[in-house]
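Here's the structure, in structure tokens; my notes come after.
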């Protein structure tokens, strides 16, 4: 089953008097449990694609389905609910809430979805352990390295057991080893939990991990290839 | 809602400096308003108390035709049987003291100087005269003293007079004939009310009556009560045909009205102070919204809705407002306590402020729970109103714009 499906999606940005196309008729489907990436040069529309998939933005034309539901028809509140229940985000700049500890950051989506105190604690501990940060639970973002922060972000993205995790350049601000380590963690979580991961990246370090690479050029899908050496 | 509470509290705790500054603004603003209000109420209550003490009493009985402004000495304007009225009043359990008084206007002259005065004939032994014995220098008047007068320290100072000096009093008698007599200063009184002291000289009632040729008539019978609130009951009990019975409220009407209108101006001041607090709160929250744009984007990406973001900000200011009000009430009460015990010395300004107002030389504050409660609620509501715009503004950001703002 497709977790995300896009049909002839376009997105134009109005910059002053000029309309700039970011996406021009994208057809794409992401299957449940996939671990794949969209790549392309800067300005090719990767981030826009991810934002549309994540219901952070609405397309100018075309349709986006998440778990079969047409999300282009939803209002802001409904989209917020959908994000809360179905989608986890990982951003390039880690995007942890400053001042809150690792524990509290991971707990935040659970707080928002109204999970019970006991359940929250159990889940947060489980996730921090999964990303190897049990001992850093009470550190704030400014007390952690970039890699650690990104691992907290992964834990947070997974906290509500979303159907899909969307990650925008998750390794861009990390050095070689750390980037690889972060990818390994996500790969493992993908296998263990079956959560779909979809990346937007131009980092070649990501590619060996993914099962499928979609190349975006000038707002259109230029290539869509499964990796023969991957088992998905 | 509970979740938003937790998030709001977390935000406040982690932004200690910002929360602290806002708290200080709310607390200081409210404390200032509470202390100002208490001082004003205290000054006004004090002023009325003073006036009751030295002038009006709690209840006054007068002849129907007596007009306060004219200080008439015509027989028909005076009370015929004042002693009977006094004993009537004294028979009531609420009454602390009652005595006849006689008022006349005159001119006090020394060898070098002269000034207009009000001649106040009192029963020296009456309870109602006790207040003039306080802070007395020299001797008080005796009932049968025919040549003694009491003037204030202030007047003595102005006219360079001392105990034992002679002064001459010129008055218009009941028959509209001027009469002049020389008196010896027996003592110097001090009520602490400059406006009263500068104008008033005391004679024993008997001497005042013969001097003004009114027989044994009196301008009024002044009644003091144990409890101010009993004035209406006592006034009703003393009401007889041919008499006008007035309570301290009637007698201080002008003062009460002046006070009410000056309270109006003060409320306006309070609003200005609280508006400044509102601007500070609004500004701090708006800064906080700008500062947390990216954070709002993250929270929105995590599924927080616009109205939840708004609620979160409102909750933050509700908590800040409540804490600020609490601290403000404590600070304001401490300030009021200081002003109520030590007071503010205004000295001679008291008589310059207004001759009609019996302001003492020191203003004392008077704490009122009801006013403090109302001001606190108003302050809290204003804080909430001030947070509306920033909170609304925070919801205007689309998550994607908010994330891009980084």
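So which helices (runs of 4 or more DSSP H) are wholly in the range B:1-91 and hold at least 3 residues that are not assigned by TED's automatic domain parsing to the domain that holds residue B:172?
Details: elements: B:2-14, B:16-51, B:82-90.
Answer list for the range B:1-91: B:2-14, B:16-51.
When the range B:57-78 is filtered for residues that are closer than 17 Å to residue B:250 by Cβ and surrounded by 14 or more Cβ atoms within 10 Å (Cβ to Cβ), the ones remaining, listed by number, are B:57, B:58, B:59, B:60, B:61, B:62, B:63, B:66, B:68. For the range A:83-97, filtered to residues that are under 13 Å from residue A:160 (Cβ atoms) and facing chain B (nearest Cβ under 8 Å), the residue that is surrounded by the fewest Cβ atoms within 10 Å (Cβ to Cβ) is A:85. If the condition is being in contact (Cβ under 8 Å) with a residue 12 or more places away in the chain and either surrounded by fewer than 22 Cβ atoms within 10 Å (Cβ to Cβ) or within 13 Å of chain B (Cβ to nearest Cβ) (or both), then the range A:40-54 contributes A:41, A:42, A:47, A:48, A:49, A:50, A:52, A:53, A:54. Set side by side, the residues A:110, A:100 differ, and just one is facing another protein chain (nearest Cβ under 10 Å), assigned to a helix (DSSP H, G or I), touching a residue at least 40 places away in the same chain (Cβ under 8 Å) and over 20 Å from residue A:168 (Cα atoms), which is A:110. Give the range B:285-297 a look and list any residue that's part of a helix (DSSP H, G or I), within 12 Å of chain A (Cβ to nearest Cβ) and out of contact with any helix residue (DSSP H, G or I) (no Cβ under 7 Å at 6 or more places or on another chain), or say none. B:291, B:295 - these are the residues of the range B:285-297 that are part of a helix (DSSP H, G or I), within 12 Å of chain A (Cβ to nearest Cβ) and out of contact with any helix residue (DSSP H, G or I) (no Cβ under 7 Å at 6 or more places or on another chain). Screening B:275, B:322 for residues that are in contact with a helix residue (DSSP H, G or I) (Cβ under 8 Å, 6 or more places away or on another chain), surrounded by fewer than 23 Cβ atoms within 10 Å (Cβ to Cβ) and without any contact (Cβ under 8 Å) to a residue 60 or more places away in the chain leaves exactly one candidate, B:322.
I'd like to verify a number: residues in the range B:304-319 that are within 12 Å of another protein chain (Cβ to nearest Cβ) and in contact (Cβ under 8 Å) with a residue 60 or more places away in the chain, how many?
First pass over the range B:304-319, keeping only residues within 12 Å of another protein chain (Cβ to nearest Cβ): B:304-309, B:312.
Next, only the ones that are in contact (Cβ under 8 Å) with a residue 60 or more places away in the chain stay: B:306-309, B:312.
Result for the range B:304-319: 5.
Out of everything in the range A:55-82 that is part of a loop (DSSP other than H, G, I, E, B) and more than 7 Å from chain B (Cβ to nearest Cβ), what residue ends up being surrounded by the fewest Cβ atoms within 10 Å (Cβ to Cβ)? Among residues in the range A:55-82 that are part of a loop (DSSP other than H, G, I, E, B) and more than 7 Å from chain B (Cβ to nearest Cβ), the one surrounded by the fewest Cβ atoms within 10 Å (Cβ to Cβ) is A:75. The condition of being away from chain A (no Cβ under 14 Å) and buried (at least 21 other Cβ atoms within 10 Å of the Cβ) does not hold for residue B:301. Residue A:139 meets the conditions (1) closer than 15 Å to residue B:302 by Cβ; (2) outside any helix (DSSP H, G or I) in every case but one. The failed one is (1).
Criterion first (under 20 Å from the mean Cα position of the chain (by Cα) and facing chain B (nearest Cβ under 9 Å)) does residue A:127 satisfy it? Considered against the rule, which asks whether it is under 20 Å from the mean Cα position of the chain (by Cα) and facing chain B (nearest Cβ under 9 Å), residue A:127 comes out as no. If the condition is being closer than 19 Å to residue B:67 by Cα and without any contact (Cβ under 8 Å) to a residue 60 or more places away in the chain, then the range B:243-272 contributes B:249, B:250, B:253.
Apart from one condition, residue B:7 fits all of (1) at positive phi; (2) surrounded by 21 or more Cβ atoms within 10 Å (Cβ to Cβ); the exception is (1).
The values are calculated or read from the model by the stated rules, or taken from the named source; none is laboratory data. Keep in mind the model is a prediction, meaning the values are calculated, not measured. Don't worry about glycine lacking a Cβ; one is built from the backbone with ideal geometry, like all the others, and counts go over all protein chains shown.
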